[in-house]
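Below is one structure, written out as structure tokens; the observations come after it.
The values are calculated or read from the model by the stated rules, or taken from the named source; none is laboratory data. Given the structure is predicted, the values throughout are model-derived calculations rather than measurements. Please note: Cβ atoms are built from the backbone with ideal geometry, for glycine as well, and neighbour counts cover all protein chains shown. For accessibility, only protein heavy atoms count, side chains too; no ligands or nucleic acids. Shrake-Rupley method; radii C 1.70, N 1.55, O 1.52, S 1.80 Å.
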Amino acid sequence: MTALVGEAIYDDGFVAYLNGVELGRASMPAGPITATTLAPGYETGDNYATIDWTAGKGLLVAGPNVLAVEVHQASGSSSDLTFDLALRVSAP
């Protein structure tokens, strides 16, 4: 495999896990994340962000893999949520 690339549209932030290990995060603070951790805020503008997760390609296993994502709001009173993610795996 040569590349692991995410394409995401999100509001306000997210953390992605591949097979139970954090793969990456976007618009989230550093350090431990809990269910109550707020995102600093990010407006997608209906644009997809490309995220290079190639460094995490070692998390892939033979057979089924599980990609899990938690989405976080910027405030407890936020009234909107946007999320869509594609994960592309490129092989030579």
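What does the charge add up to near GLU7, with Lys and Arg as +1, Asp and Glu as -1, over the other residues with Cβ less than 12 Å from its Cβ?
Details: positive: ARG88; negative: ASP52, ASP84.
Charge balance in the 12 Å sphere: -1.
If R0 is 22 Å, the Cβ-Cβ spacing of ASP46 and THR2 corresponds to a FRET efficiency of close to 0.15.
Seen from THR37, the other residues with C-beta closer than 14 Å to its C-beta sum to a net charge of -2, counting Lys and Arg as +1 and Asp and Glu as -1. The residues of the chain have, on average, 57 Å² of accessible surface per residue, using a 1.4 Å probe with all protein chains present.
Calculation over all alpha carbon pairs of the chain in 5 angstrom steps from 0 returns a P(r) of 3, 13, 25, 23, 17, 11, 5, 2, 0, 0 percent. Stretched out straight at 0.36 nm per residue, the stretch from ALA86 to GLU22 would grow longer than its current Cα-Cα span by 21.4 nm. Net length available on complete extension from THR37 to LEU60 is 5.6 nm, with 0.36 nm assigned per residue and the Cα-Cα distance removed. Scanning residues 5 or more positions from GLY13 or on other chains, those with amide H under 5 Å from its amide H are HIS72, with H placed 1.01 Å from N in the peptide plane.
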